[in-house]
Amino acid sequence: MRAIAVSAFRAEPCLVEVPKPDPGPGEVRVKVEYAALNPLDWQTADGALDGVAPHVFPLVLGTDFAGRVDMVGSGDNRFRVGDPVLGRVTAPPVGRCGAYGEYVCVPQDSPIALVPRDLPLRIAAALPTAGATAAQILSSTAVRSGVSLLVVGATGGVGGFLTQLAAARGIGVVAAVRGDEGRRMGALGATATVDTTDPGALEARVRELYPGGVDALVDLVSTDTASFASYTALLADGGVAVTTRGVAAPAGIAWTDFRLAPAAGVLDALTSAVAGGELEVPVDMELPLEKAPQALAQNRAGGARGKTVFAV
């Protein structure tokens, strides 16, 4: 089968031919129609699994997928051949079952769910990681109890979902972006958008809207303590900060280093919200699978706007 893989960590991803995987007991094999790009995919290529999880080479990349079940492994299974599904590849050993291939095998009790009849698979593929991350940030932290939220890196996949979900709960969202994304983020529910390349603009706008500071901060992009600290300075007393990049907050700040705990139930809730018109999936680009290496390099460089999906 065709797949995008690396021959070693830090090697360039490329299109290769690898054997079609066979499902083991309790697994399903999905004929992938669309896969979605996540930063985790290029981080994996760069060696994120080295010494952390089992893996084999060639290492097929990709986390999020949507397609149709084409084979069911032995034993009990909640899926049937032909079922349209979306899911997330999570279980080791990691190897020829990444999402950037024509087929993927996953356990039937992993984060995989049926796709509603009226939801295109192209849209469903963009949901698992970014959508679940946004939903769990709101449900598992003190962010959910605030009335104002600053989102740094709001134009990416997680930021787009987070803005919508927070706005739906009546939370005022200030979207910190790079460049002119105000109109798009406003359409997704942001109360205000601020271009962070304009020095001082973010602090001025936050203080204008919330003189005492925002109740919560979700920083999706900062990788250094100084940048994260500059955003936490905009929190109100007792406010909470969330990072998805493992950066520590200054002393005296309540903060969380968020880690996704994917589950099928979250995917069910997300697909229902999209099918019901309550949640928009911000797909920015659709590319053929062979363009994945270039898209990964562009995503690594930063400045993502919405989600990128690959037609397999």
Next on the checklist: Please go through (1) part of a helix (DSSP H, G or I); (2) touching a Phe, Trp or Tyr at 6+ places or on another chain (Cβ under 8 Å); (3) of a type outside the set (D, E, K, R); (4) at pLDDT 95 or above for Asn299 and return the number of the only condition it doesn't satisfy.
Outcome noted: (4)
Checklist entry - List the pairs whose first member sits in region 227-244 and is touching a residue at least 24 places away in the same chain (Cβ under 8 Å), whose second member is assigned to a strand (DSSP E or B) and surrounded by fewer than 16 Cβ atoms within 10 Å (Cβ to Cβ), and whose Cβ atoms are under 6 Å apart, counting only residues at least 6 apart or on separate chains? => result Val240/Ala254; Thr243/Asp257
Next on the checklist: When the residues of region 165-187 are narrowed to those that are surrounded by fewer than 24 Cβ atoms within 10 Å (Cβ to Cβ), in contact with a strand residue (DSSP E or B) (Cβ under 9 Å, 6 or more places away or on another chain) and of a type outside the set (D, E, K, R), which ends up farthest from Arg144 (Cα to Cα)?
Outcome noted: Gly179
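I'm trying to understand the selection: among the residues of region 1-32, which are in a loop (DSSP other than H, G, I, E, B), of a type in the set (A, V, I, L, M, F, W, C) and touching a helix residue (DSSP H, G or I) at 6+ places or on another chain (Cβ under 8 Å)?
So in region 1-32, the residues in a loop (DSSP other than H, G, I, E, B) come out as 1, 7-13, 18-26.
Going one step further and asking which of them are of a type in the set (A, V, I, L, M, F, W, C), we end up with 1, 8-9, 11, 18.
Within region 1-32, Phe9, Ala11 meet the criteria.
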Item to check | Residue under evaluation Pro116, criteria (1) in a strand (DSSP E or B); (2) in contact with a helix residue (DSSP H, G or I) (Cβ under 6 Å, 6 or more places away or on another chain); (3) not polar (S, T, N, Q), criterion not met | outcome: (1)
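Quick check: anything in region 63-84 among the charged types (D, E, K, R) and under 27 Å from Gly303 (Cα atoms)? First the steps, then the outcome.
The first filter runs over region 63-84 and keeps only residues among the charged types (D, E, K, R), leaving 64, 68, 70, 76, 78, 80, 83.
Applying the additional criterion that residues be under 27 Å from Gly303 (Cα atoms) yields 64.
Yes, region 63-84 has at least one match.
Got a sec? Which helices (runs of 4 or more DSSP H) wholly within region 160-262 have at least 2 residues that are among the charged types (D, E, K, R) and over 30 Å from Pro128 (Cβ atoms)?
So the answer is 201-209.
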Item to check | Set Pro107, Pro120, Pro111: member being surrounded by 22 or more Cβ atoms within 10 Å (Cβ to Cβ) and either among the polar types (S, T, N, Q) or in the same structural domain as Glu27 (by TED's automatic domain parsing) (or both) | outcome: Pro111
Next on the checklist: Scan region 22-29 and tell me whether some residue there is in contact with a Leu (Cβ under 9 Å, 6 or more places away or on another chain) and in the same structural domain as Arg78 (by TED's automatic domain parsing).
Outcome noted: no
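What residue, among those in region 56-74 that are under 22 Å from the mean Cα position of the chain (by Cα) and not in a loop (DSSP other than H, G, I, E, B), is surrounded by the most Cβ atoms within 10 Å (Cβ to Cβ)?
Just the residues of region 56-74 that are under 22 Å from the mean Cα position of the chain (by Cα), to begin with: 59-68.
In the following step, the residues that additionally are not in a loop (DSSP other than H, G, I, E, B) were identified as 59-60, 64-68.
Working: Leu59: 23, Val60: 26, Asp64: 30, Phe65: 32, Ala66: 28, Gly67: 26, Arg68: 15.
Ranking the candidates gives Phe65 first.
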Item to check | Which numbered condition Gln43 fails, given (1) surrounded by fewer than 19 Cβ atoms within 10 Å (Cβ to Cβ); (2) more than 21 Å from the chain's Cα centre (by Cα) | outcome: (2)
Checklist outcome for this item: Flagged in region 38-50 as in contact with a helix residue (DSSP H, G or I) (Cβ under 6 Å, 6 or more places away or on another chain) and in a loop (DSSP other than H, G, I, E, B), in numbering order, are Asn38
Next on the checklist: Residues that are over 19 Å from the mean Cα position of the chain (by Cα), under 16 Å from Tyr231 (Cα atoms), in contact (Cβ under 8 Å) with a residue 60 or more places away in the chain and not assigned by TED's automatic domain parsing to the domain that holds Asp268: does region 134-148 have at least one?
Outcome noted: yes
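The values are calculated or read from the model by the stated rules, or taken from the named source; none is laboratory data. Predicted model only: the values in this text are computed from it and were never measured. When we count neighbours, we look across all protein chains shown, and the Cβ atoms used for this are built from the backbone with ideal geometry, even at glycine.
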